[in-house]
Amino acid sequence: MEAIDFTDALRTGIEEIDSQHEVLIDIHNELVEAMQKNHGNRVMNEILARLFQYSKEHFQDEEALLEAHHYPELQKHRQRHLDLVKSIRRYIFRHTRSGERITHEMVDFIGKWITDHIMVEDMAYVDCVSGRIPADEATHPGSEELVPS
C-alpha cells in the first residue's frame, strides 16, 4: 500500500474541486501511514467519520457545480456518488457494529475512488464546467439550432 501524490493527472483545473480532492488523498495517505505503523485499526473510526463527512460536502458541492453548468451526465454522476456513500455506510457498519478489521479494504476503496471516480468520471465533466464546451452543446450534443439564412 503506497501513498498517492496529487499529480497533474488528478487535477481538474477547477480550484474548489481540486482542493477537495486533495483532502481525499490526504485521508488515503493518513490511512496508509497508519497501516505502515500497524495503527490502521486504531485510526479507522476517525478515518470513516472524515470520509463520510468529506463525501457529503464534496458531492453536494460538485453536484451543484455540475447542475449550474448543465452537465448532461449529472444524474449518472449523482448516482455514482450515492453508490460511493452507500459503500462508506457499509464500511462504517462493518467496522463499528461487526468489529471487522477493514483497513486494507478501505485503502483499496479510497484508492479506487481516486483512480476510477476522479481520474475517469470527474475528468469527464471538466470541459463542460470549464467552458470548453458550451452549455447548450453539453446539454444536447450535436443539436445545433439551424438559423435560416
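FYI, it's all coordinate maths here, none of it is from the lab. Keep in mind it's a predicted model, so treat the numbers as computed, not measured. Neighbour counts are summed over all protein chains in view; Cβ atoms, including those assigned to glycine, are modelled from backbone coordinates with ideal geometry.
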Just to confirm my numbers, what's the Cα centroid distance between the stretch 88-110 and the stretch 1-72 in Å? 16 Å
Reciprocal of mean inverse Cα separation for the chain (Kirkwood radius, Å): 16.7 Å
For Lys76, give me every one of the lysines with a C-alpha distance below 24 angstrom, ignoring sequence neighbours fewer than eight places off in its own chain. Lys56, Lys86, Lys112
Which residues qualify? For Thr12, with a placed amide H closer than 5 Å and at least 5 residues away or on another chain, they are Asp18
Residue separation times 0.36 nm, minus the C-alpha to C-alpha distance between Lys76 and Glu46: what's the value? 7.8 nm
Fewest-first ranking of Thr7, Thr103, Thr96, using other Cβ atoms within 10 Å as the exposure measure: Thr7, Thr96, Thr103
Return the sequence-ordered ³J(HN,Hα) values of the stretch 56-65 in whole Hz as given by the Karplus equation 6.51 cos²θ - 1.76 cosθ + 1.60 applied to θ = phi - 60°, using x for Gly and Pro. 4, 5, 5, 5, 5, 5, 5, 5, 5, 4
Angle check, please: helix 103-112 long axis (alpha carbons) against the longest principal axis of the chain (alpha carbons), in degrees 0 to 90, nearest 10. 10 degrees
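In the calculated pair distance distribution of the stretch 60-110, what percentage of Cα-Cα distances lie above 17 Å? Walk me through the intermediate numbers first.
On the way: 618 of 1275 pairs.
Value for the stretch 60-110: 48 percent of Cα pairs lie more than 17 Å apart.
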For the stretch 84-91, take each phi angle, set θ = phi - 60°, evaluate the Karplus expression 6.51 cos²θ - 1.76 cosθ + 1.60, and give the result in whole Hz per residue in order, putting x for glycine and proline. 5, 5, 4, 4, 4, 4, 5, 5
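Mind sorting Asp116, Asp8 by how few other Cβ atoms lie within 10 Å of their own Cβ, fewest first? Walk me through the numbers on the way to the answer.
On the way: Asp116 12, Asp8 6.
Lowest count first: Asp8, Asp116.
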